[in-house]
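For reference, the structure is listed below as structure tokens.
The values are calculated or read from the model by the stated rules, or taken from the named source; none is laboratory data. Keep in mind it's a predicted model, so treat the numbers as computed, not measured. Because the Cβ atoms are built from the backbone with ideal geometry, glycine has one as well, and the counts that use them run over all protein chains shown. SASA here: full protein model, heavy atoms, side chains in, ligands and nucleic acids out. Shrake-Rupley method; radii C 1.70, N 1.55, O 1.52, S 1.80 Å.
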Amino acid sequence: MRGFYLARARDLRIRERAQHGGSVTALLHLALKEGLIGEAVLTGAGEDLLPQEVRISDPEEVTGLAKSRFVVSPVLGLFNRLVVDLPVKIGVVATPCQALALAKMRRKTDKSKPSPVDRLKLVIGLFCGWALSWEKLRGLLREKIGMSPILGMDVPPSRYHSLDVHTAAGTITVSLDEVTPCVREACWSCFDMTAEFADISVGSARLPEGWEEARHWNQIIVRTREGEELLALAKSRGLLEFRDVPEGNLDRLKQASMKKKHAAVRNLVKRSGSEEDLIYLDRRDPTLRGWQKL
């Protein structure tokens with residue numbers, strides 16, 4: 001990790017349309033505008049809650065694609081098609097599992113030979129606890145709100161234990177007890193909450209002032225030289241504003257991340273029937289030690 005920050009887009013128009021602080025939108029806009037990437041692959045709003053993969057080259061289009069969808073989008077399928085046919089630098093906004101897949105693609109490449117994956121120049125990762133099944137989520141929300149258009153969704157801090165669904169008629173709060181059955185099965189075996197294989201990881205903030213203030217800020221983890229350079233450029237241009245990180249915030253984020261890792265190990269052991277077989281994880285990984293205690 002090269003840095004940990006609390007930041008948000010300085011442009012109020014971006015923040016008004018963003019999920020939280022608008023940092024992803026501001027960073028992606030900058031990367032496109034400065035030619036650091038020529039195309040961006042991200043998620044747009046499809047019909048009836050079904051997200052769709054979107055490619056853009058115009059920085060001004062980024063703002064219209066803000067907000068989280070909570071349902072997995074096939075962005076990697078679009079990326080795989082683009083790198084074959086499009087000789088430009090590409091950036092991807094990815095969930096942790098998608099960022100891991102991109103990292104594996106890079107590692108499996110023969111470094112002595114040019115490869116289409118070399119066009120991947122930026123990965124902005126999103127914090128993620130789980131993603132939802134589109135069919136199950138659609139069925140649940142139709143019971144709650146009927147056919148009322150959904151403007152957005154959000155998951156407040158764990159003490160609220162809810163999914164907030166924003167509609168034209170107001171906000172509907174759905175207990176996570178009802179939402180949990182909609183979680184994709186694979187997510188229970190995912191060890192990564194903070195997109196550890198991205199260049200920059202971005203998630204919602206936690207602040208002592210409470211959720212109403214925190215929801216307007218982002219936690220940002222800088223992980224690579226490329227991520228560091230992009231954030232420094234955004235700071236020098238005044239595109240992001242920063243505030244001091246409250247004492248203990250990073251430790252709490254690490255604890256939450258570790259909790260997800262250990263939960264994944266427990267679920268993988270259940271699937272394999274053996275503590276020696278973690279399926280896709282290496283049981284020698286030191287970050288997985290002590291999973292039985294949590």
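A few points about this structure:
- On the beta carbon distance between Arg138 and Val88, with R0 = 35 Å, the FRET formula returns roughly 0.50.
- Hull volume per residue, based on the alpha-carbon atoms of the range 174-252 and their convex hull, is 146 Å³.
- Reduced Cα scattering model of the range 94-238, Debye log10 I(q)/I(0), q = 0.12 Å⁻¹: -0.66
- FRET efficiency for the Asp118 to Arg289 pair, using the beta carbon distance and R₀ = 30 Å, is estimated at 0.25.
- Average Cα contact separation per residue, the chain, under 8 Å, 6 or more apart, as relative contact order %: 22 percent
- Placing dummy labels 7 Å off each Cα toward the beta-carbon, the span from Arg225 to Ser158 is 3.7 nm.
- Counting Lys and Arg as +1 and Asp and Glu as -1 over every other residue whose Cβ lies under 11 Å from the Cβ of Arg243, the net charge comes to -3.
- The range 20-35 and the range 143-206 have Cα centres separated by 23 Å.
- Chain lengthening between Ala232 and Arg10 when straightened (0.36 nm per residue, less Cα-Cα): 78.5 nm
- The simple spin-label model puts a point 7 Å past each Cα toward its Cβ; for Asn80 and Met1 those points are separated by 3.3 nm.
- Heavy-atom SASA rank of Met193, Met105, Met153 (probe 1.4 Å, accessible area, largest first): Met105, Met193, Met153
- Long-range lysine pairs (8 or more apart or interchain), the range 165-294, Cα under 29 Å: 10
- Protein accessible area in the chain, 1.4 Å probe - carbon and sulfur %: 51 percent
- Gain on full extension, evaluated as 0.36 nm per residue between Lys270 and His216 minus their Cα-Cα distance, stands at 15.6 nm.
- Solvent exposure ordering (accessible area, 1.4 Å, most first) of Ile145, Ile56: Ile145, Ile56
- Computing FRET efficiency as 1/(1 + (r/R0)^6) for Thr173 and Glu60, where r is the C-beta to C-beta distance and R0 is 35 Å, gives about 0.55.
- Inter-label distance for Tyr280 and Asp251, nm, one decimal - labels placed 7 Å from Cα along Cα-to-Cβ: 3.3 nm
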